[in-house]
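FYI, it's all coordinate maths here, none of it is from the lab. Model, not experiment: these values are computed from the prediction. Positions of Cβ are generated from backbone atoms using ideal geometry, with glycine treated the same way; all protein chains shown enter the neighbour counts.
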Amino acid sequence: DAKTTQPTSMDCAEGRAANLPCNHSTISGNEYVYWYRQIHSQGPQYIIHGLKNNETNEMASLIITEDRKSSTLILPHATLRDTAVYYCIVRDTKTGANNLFFGTGTRLTVIP
Amino acid sequence: DSGVTQTPKHLITATGQRVTLRCSPRSGDLSVYWYQQSLDQGLQFLIQYYNGEERAKGNILERFSAQQFPDLHSELNLSSLELGDSALYFCASSAPGLGYNEQFFGPGTRLTVL
């Protein structure tokens, strides 16, 4: 599976958009980009995933560059409850096993 | 609430002992995954079961074993415990079907080995 690189930490003002970047320059054609987050020792929570096109759901938007070497998770209006570690994961689902490999993630702190 | 339950919530034991962690997946989910989260290693995949059979194996020690029962609940057995086994152990489940299915994580079991 392709390796991902994320900034260690980021701050965001409450109510503003939080843009979390992820670099996955070695991603292959079959690999999806997934985002999970973990709020202080709770179980990780799925946010969104995508292959080529930009994706949006009730939680966030995922913007994937045309060459697929990087992506950005956007939380449109960050709240204090969005303070968490955000993990960008690249995974080839065709292997049949869906186990996730978490890196170090980005610790997002939403500031009042 | 993800629908995945784990028991116990906390477990304190001594080195050399054996413990069993239990996980009940969401209703209808056939896959169960076990992950370990320690301070120095981060979140590490241990093992996956699908409908009672082992599907994938990660960084699981030989002292650890798991199984998934006919009712689909799963147990993770940790034996000859060492101080370094102290960690949060998460169970996750996902729905059956082709391709990727999001994983729903339980609240975890915090194991402390003294």
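If the elastic network links every pair of Cα atoms under 10 Å, which of A:Cys12, A:Cys22, A:Cys88 fluctuates the most in the Gaussian network model of chain A?
Looking only at A:Cys12, A:Cys22, A:Cys88, the largest GNM fluctuation is found for A:Cys12.
Between the range A:23-79 and the range B:55-89, how many Å separate their Cα centres?
29 Å
Output ³J(HN,Hα) for the range B:80-95: one whole-Hz value per residue in order, computed from phi by the Karplus curve 6.51 cos²θ - 1.76 cosθ + 1.60 with θ = phi - 60°, and x for Gly and Pro.
6, 4, 10, 4, x, 7, 4, 5, 8, 10, 10, 10, 9, 9, 9, 6
Sequence-distant or interchain residues sharing an amide H contact under 5 Å with B:Ile47, placed H: which?
Here the answer is B:Trp34, B:Gly58, since their amide H atoms fall under 5 Å of that of B:Ile47.
Near A:Met10, within a Cβ-to-Cβ distance under 12 Å, what is the net charge of the other residues, with Lys and Arg +1 and Asp and Glu -1? Numbers along the way, then the final one.
Numbers: positive: A:Arg16, A:Arg107; negative: A:Asp11, A:Asp82.
Once positives and negatives cancel, what remains is 0.
Have a look at B:Glu53, B:Glu62, B:Glu75 and tell me which one the Gaussian network model of chain B (Cα, springs below 10 Å) gives the largest fluctuation.
B:Glu62
Among B:Pro70, B:Pro25, B:Pro96, whose mean-square fluctuation peaks in a Gaussian network model of chain B (Cα, cutoff 10 Å)?
Fluctuation is largest for B:Pro70.
If amide hydrogens are placed 1.01 Å from N in the peptide plane, which non-local residues have theirs closer than 5 Å to the one on B:Gln17?
Placed amide hydrogens put B:Leu81 under 5 Å from B:Gln17.
Find which of B:Ser93, A:Leu62, A:Ile39 sits farthest along the positive direction of the dipole of the protein assembly as shown, computed with +1 on the beta-carbon of Lys and Arg, -1 on that of Asp and Glu, about the Cα centre.
Of the candidates, A:Ile39 comes out farthest on the positive side.
Treating the beta-carbon of each Lys and Arg as +1 and of each Asp and Glu as -1, no other charges, what is the dipole magnitude of chain A about its Cα centre, to the nearest 20 debye? Each step should come with its number before you reach the end.
Working: 10 positive and 10 negative charges, 31 e Å.
With only Lys, Arg, Asp and Glu charged at Cβ, the dipole is about 140 debye.
Over the range A:1-81, with a single point scatterer placed on each C-alpha, what log10 of the ratio I(q)/I(0) does the Debye formula yield at q = 0.16 1/Å?
-0.62
Restricting the calculation to Cα positions, tell me the Rg (one decimal) and the Dmax (whole number) of the protein assembly as shown in Å.
For the protein assembly as shown, the Cα radius of gyration and maximum Cα-Cα distance read 17.7, 53 Å.
What list of ³J(HN,Hα) couplings, whole Hz, do you get for the range A:59-66 from phi and the Karplus terms 6.51, -1.76, 1.60, once you set θ to phi - 60° and write x for glycine and proline?
For the range A:59-66, the Karplus curve yields 9, 7, 10, 10, 10, 10, 5, 4 Hz.
If amide H atoms are built 1.01 Å from N in the plane of the peptide, which residues on other chains or at least 5 residues away come under 5 Å of the amide H of A:Gly105?
When sequence neighbours closer than 5 places are left aside, the close amide H contacts are A:Cys88.
Apply the Karplus curve 6.51 cos²θ - 1.76 cosθ + 1.60, θ = phi - 60°, to the phi angles in the range B:9-16 and return the couplings in whole Hz, x for Gly and Pro.
Ordered by residue, 3J(HN,Hα) equals 7, 10, 8, 10, 8, 10, 4, x Hz.
Largest first and to the nearest Å, give the Cα extent of the range A:46-112 along each principal axis.
Per principal axis, max minus min of the Cα coordinates gives 42, 24, 21 Å.
Once you average over the residues of B:43-55, how many Cβ atoms of partner chains fall within 10 Å of each Cβ? Walk me through the intermediate numbers first.
Numbers: counts 11, 2, 5, 1, 1, 4, 0, 3, 0, 0, 0, 0, 4.
Rounded to a whole number, the mean comes out at 2.
Over chain B, with a single point scatterer placed on each C-alpha, what log10 of the ratio I(q)/I(0) does the Debye formula yield at q = 0.11, 0.12, 0.16, 0.22 1/Å?
Normalising to I(0) and taking log10 leaves -0.31, -0.37, -0.66, -1.23.
Give, rounded to the nearest 20 debye, the magnitude of the charge dipole that chain B has about its Cα centre when Lys and Arg contribute +1 at Cβ and Asp and Glu contribute -1 at Cβ. Could you put the intermediate results ahead of the total?
Values: 8 positive and 11 negative charges, 33 e Å.
In total the dipole reaches around 160 debye.
Just checking the protein assembly as shown: which Cys have no other cysteine's beta-carbon under 4.7 Å?
A:Cys12
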